[in-house]
Amino acid sequence: MRLTPSLAVLLPTLLLVGAKVPRVSHPGSKQAKYLAAKRPATTDASISGSFTGTGWSASAPQVSAPYENIWHELTNDEAADVISFLHNQTNLNLTAAADAGSWDNSILRVEIVTPNKTDVLPFVDQQQQKPERWARAAIWVGATTEPYVIEYQVGPLPISDNSVVTSLDWLTTKGTTYQRNYDADEDLKSEFMYNVSASVQDIVTDLLNGTASGSDDDDLDIWGIDPLWHPTPDTTVQWVTFWRIPSSIFDGETLMPQGLFFEVNTTGRDPSGWSVIGWLYRDVYYNSTEAFRAAWEAGELEKSALNLEGPWIGTDYRGPTTTVGANSTMWGSEKAPPVMVPPSGEDGIRYKVDVDNKYVEWMDFSFYIAFRRDSGMRLFDIRYRGERIVYELGLDEALAHYAGNDPVQSGTAYLDTYYGFGPYAFELLAGYDCPTYSTFLNSTFHAEEVSTTHPNSICLFENDQGYLIQRHSNDAYVASTKNIAFTVRSASTVGNYDYNFDYTFYLDGTIEIVVRASGYIQSAHYYGNDDYGYHIHSGLSGSMHDHVLTFKADIDILGTSNSFANHTVAPVTTSYPWSHGMERSTMKLFRSYIDNEDNSKLFWPGNAHSMFMVVNKDATNEFGEPRGYRIMPSKGSGMHATIQNSSNLINSMNFATHALYVTKQKDTEPRASNANNDYDPANPVVDFAAFFDGESLDQEDLVVWFNLGMHHVPHTGDLPNTVFTTAQGSMQILPHNYLLHDPSRDSRQTVRIDYNNSGVQAVHTFGADFLTGLANLTSTVPDFWAYRGDIDVRKFPYDPQHPYNDTESIV
Ligand SMILES: [Cu+2]
């Protein structure tokens, strides 16, 4: 997603010097973010419990994890040690990140190397040696005419005489983590573009009624395509356009494109060699600034409608008087809506948490939570009734590929792990993002030698799904079972867009993965682009784009020897011994396996007529059916990218060509992409296509990769923000002949009422407790003033006496 200037202001420590980062922040958009100073709370804190430094423990009963969370992100102390150790490696010639310029070498980020599955399972399952803990470090190498990013691994941890800095190339498909950075001098490029704008300031003023000069007084911003283009391997070009900078708190810059574009050649690191290639206005291309100026001076340029700031970009309540279209009838909307009420006290909480190990138990499920800078929250070792069913579950990449008749929309294809989901997983707002009675956990990432903690950025809660999981009735009884589910949630605001991630566990053994999108769309200036979206405001097109979010689901069914079954229902014409020789048109179930990676790039079949399952052929149930877990779209129909062979991403979107994939698990293929791919998409560090090399999938350790998302063609209902109700997709992983009956029968939250014409004869509640007493509704009102933002801890130079000397807050 586009990172807007005002967001960049929120996270100054993320502006990695010299790295490819959000375009230069504009001072004009800064001031509004600091309006909300701390004030006294309007209510008492509604969350009981205490802030422990590792998480908000709420009142959840404690449990001790069966083993330590070996996937846990680096602690602040580990990060400090790794950074210090790297600085001791004189051959790296590192400059402290706080002092580094684009021609220095510096540490971009440090993170844990997720331990190899083949090392973890002997430790977890057979109490063998614990896997060594290693860090990975992304180093920005700027002191060269061909700057690059490279990753190393550092360890083992804790740092000792045995620790080394060594190659991480084994985690790539390219054979090296080396990745060229063609956008190293971004600040200079911005300055160059402002100078280009200044050279035609009279035209910009006339057409756009604004100024983009890089000064505090600007009302226009300049940015464009992502990633950059290379018409030849040795050249770098980029199209940019003008955007209006909001003056209010609402950072809706991506709703205000102005319709004037220019292309620059920014090859090399010497700005004196950079040049303007051409201009575009109202679909007319001018091959030089002089040609563009001549057309303007000749009066040939008709003015387009501008996208100007107004209440329409704000998300505040507007009231019925400003409602466009039919009159609003939201009678009573000022009244508090129904709320979920927390069970009273610790006794009412039905899950257990080991906060330090981010380990959770709910009903028949247990799992560990980990967090990554690139991809955010992940779950490990998900067990159901004591058996592992998913070893790893998490996001791997998020693609947002745009299209348009203008070069900026056509050239936009965000790979969001480049920006990272971790840095933008801000604190969740209790009572809104999650129920006030949730348990909240923190997340931490380490970038630019600063450790940032987002308190309360992961929440855990149980809630009633609002519909039953089971019911049946007749003229003698009614039986119903409540559909209570448990959700782990985080949300990341990656620039203009907000992604909400849910992992929800159900009483029938199902796990649901849900992604929802909200926030500001990136729009296009409206001119001649009816084939690329709808006309949604005076000068605005809702620029069409595909969201494809790739998830990894390493499913293990009763061990790691598994197969991938395809059971298809299909029409047949057949006769039977009893059909007197007559053929009947009917259907059958056809069973097969996808037994090789040559055939394991899959689409969801039309009419959903195939069932895909990970099964264990050697673990059949007593009826001879292999036990397994099925994977199937829940909300939406699954997803893959419309665009194939993307001109923008080239070899870096091979995870988005199909709806789902199955591969043999390899320690060297832990992720479908790499955050550094975006630096040079033609030469990705990890090319997902390379995972498919004809290996057997028959009773092997399998990984399923699936895509969620949507074909997003924004309409007027996306203004001012896209809404979660429709912008969502989900996948279910559900038991399939896994147990011998529906396991939700084992929940006591079931009632059976026997009745006849005389009335109720018996009520069966199966030992379930019922709420008593009065609900404390005040406790459901969130303490808005308790919102704390993030905590940065500079690690180099590290001063343990003043660990919070670099604290930044987002409020
Ligand atoms: Cu969208």
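Checking the structure you have, find out if any residue of segment 278-292 is over 25 Å from His401 (Cα atoms), open to solvent by less than 60 Å² (accessible area, probe 1.4 Å) and out of contact with any strand residue (DSSP E or B) (no Cβ under 9 Å at 6 or more places or on another chain).
No; the residues of segment 278-292 include none that is over 25 Å from His401 (Cα atoms), open to solvent by less than 60 Å² (accessible area, probe 1.4 Å) and out of contact with any strand residue (DSSP E or B) (no Cβ under 9 Å at 6 or more places or on another chain).
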Contact list, first residue from segment 619-640 and at pLDDT 95 or above, second anywhere and among the charged types (D, E, K, R) and open to solvent by 40 Å² or more (accessible area, probe 1.4 Å), beta-carbon distance below 6 Å, six or more apart or interchain, is Ala619/Arg627; Asn621/Arg627; Pro626/Lys617
Margin query: Against the definition (among the β-branched types (Val, Ile, Thr), open to solvent by 20 Å² or more (accessible area, probe 1.4 Å) and not in a loop (DSSP other than H, G, I, E, B)), how does Thr118 come out, yes or no?
Written below: yes
Scanning segment 529-542 for residues that are in contact (Cβ under 8 Å) with a residue 60 or more places away in the chain, farther than 21 Å from Gly310 by Cα and not small (Gly, Ala, Ser), the one nearest to the ligand (Cβ to nearest atom) turns out to be Tyr532
The lone condition Thr254 fails out of (1) touching an Asp or Glu at 6+ places or on another chain (Cβ under 8 Å); (2) polar (S, T, N, Q); (3) closer than 22 Å to Leu306 by Cβ is (1)
Given (1) in contact with a helix residue (DSSP H, G or I) (Cβ under 7 Å, 6 or more places away or on another chain); (2) at pLDDT below 95, Met340 misses just (1)
When every residue in segment 470-490 that is closer than 30 Å to Ala430 by Cα and of a type in the set (Lys, Arg) is compared, the one least open to solvent (accessible area, probe 1.4 Å) is Arg489
Within segment 358-387, the count of residues that are closer than 30 Å to Ser673 by Cα and open to solvent by 40 Å² or more (accessible area, probe 1.4 Å) comes to 2
Of the residues in segment 126-154 that are aliphatic (A, V, I, L, M) and over 25 Å from the mean Cα position of the chain (by Cα), the one that is farthest from Ile83 (Cα to Cα) is Ala143
Of (1) modelled with pLDDT of 95 or more; (2) more than 30 Å from Gly376 (Cα to Cα), Lys601 satisfies every one except (2)
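Conditions (1) within 34 Å of the chain's Cα centre (by Cα); (2) modelled with pLDDT of 95 or more, marked per residue:
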| residue | (1), (2) |
| --- | --- |
| Asp742 | yes, yes |
| Val751 | no, yes |
| Ala762 | no, yes |
| Asp790 | yes, no |
Restricting segment 681-709 to residues that are part of a strand (DSSP E or B) and open to solvent by 30 Å² or more (accessible area, probe 1.4 Å), the one nearest to the ligand (Cβ to nearest atom) turns out to be Glu700
Flagged in segment 388-402 as within 16 Å of the ligand (Cβ to nearest atom) and surrounded by fewer than 23 Cβ atoms within 10 Å (Cβ to Cβ), in numbering order, are His401
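Scan segment 59-102 for residues that are part of a loop (DSSP other than H, G, I, E, B), of a type in the set (D, E, K, R) and open to solvent by 40 Å² or more (accessible area, probe 1.4 Å) and jot them down.
Glu68, Asp99
Is it true that some residue in segment 166-175 is in contact (Cβ under 8 Å) with a residue 24 or more places away in the chain, part of a helix (DSSP H, G or I) and of a type in the set (Phe, Trp, Tyr)?
Looking for residues that are in contact (Cβ under 8 Å) with a residue 24 or more places away in the chain, part of a helix (DSSP H, G or I) and of a type in the set (Phe, Trp, Tyr), one finds at least one in segment 166-175, hence yes.
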In segment 456-469, anything surrounded by 22 or more Cβ atoms within 10 Å (Cβ to Cβ) and among the hydroxyl-bearing types (Ser, Thr, Tyr) is listed as Ser457
When segment 710-722 is checked residue by residue, the ones that are open to solvent by 30 Å² or more (accessible area, probe 1.4 Å) and either away from the ligand (no atom under 11 Å from the Cβ) or not hydrophobic (A, V, I, L, M, F, W, C) (or both) are His711, His715, Thr716, Gly717, Leu719, Asn721
Within segment 170-182, the count of residues that are under 24 Å from the mean Cα position of the chain (by Cα) and open to solvent by less than 50 Å² (accessible area, probe 1.4 Å) comes to 5
Output for Cβ contacts, cut-off 6 Å, separation at least six or different chains, first residue at positive phi and within 13 Å of the ligand (Cβ to nearest atom) in segment 510-528, second assigned to a strand (DSSP E or B) and open to solvent by 10 Å² or more (accessible area, probe 1.4 Å), reads Gly519/Asp498
Problem - Boolean, Asn496 is within 12 Å of the ligand (Cβ to nearest atom) and either closer than 22 Å to Gly638 by Cβ or within 16 Å of the chain's Cα centre (by Cα) (or both) - result: yes
Does any residue of segment 650-670 turn out to be open to solvent by 40 Å² or more (accessible area, probe 1.4 Å) and assigned to a strand (DSSP E or B)? yes
Checked pairs for segment 713-737, first without any contact (Cβ under 8 Å) to a residue 12 or more places away in the chain, second of a type in the set (Ser, Thr, Tyr) and within 13 Å of the ligand (Cβ to nearest atom), C-beta under 9 Å and 6 or more apart or across chains, list as Gly717/Thr726
Within segment 723-762, restricting to residues that are open to solvent by less than 20 Å² (accessible area, probe 1.4 Å) and hydrophobic (A, V, I, L, M, F, W, C), the one that is nearest to the ligand (Cβ to nearest atom) is Ala727
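Return the total of residues in segment 721-756 being under 30 Å from Ser538 (Cβ atoms) and in contact with a Pro (Cβ under 9 Å, 6 or more places away or on another chain).
Summing the residues that are under 30 Å from Ser538 (Cβ atoms) and in contact with a Pro (Cβ under 9 Å, 6 or more places away or on another chain) in segment 721-756 gives 1.
The values are calculated or read from the model by the stated rules, or taken from the named source; none is laboratory data. Keep in mind the model is a prediction, meaning the values are calculated, not measured. Quick reminder, even Gly has a Cβ in these numbers, built from the backbone with ideal geometry, and neighbours come from all protein chains shown. Protein only, heavy atoms only, side chains kept; ligands, DNA and RNA dropped before computing areas. Shrake-Rupley method; radii C 1.70, N 1.55, O 1.52, S 1.80 Å.
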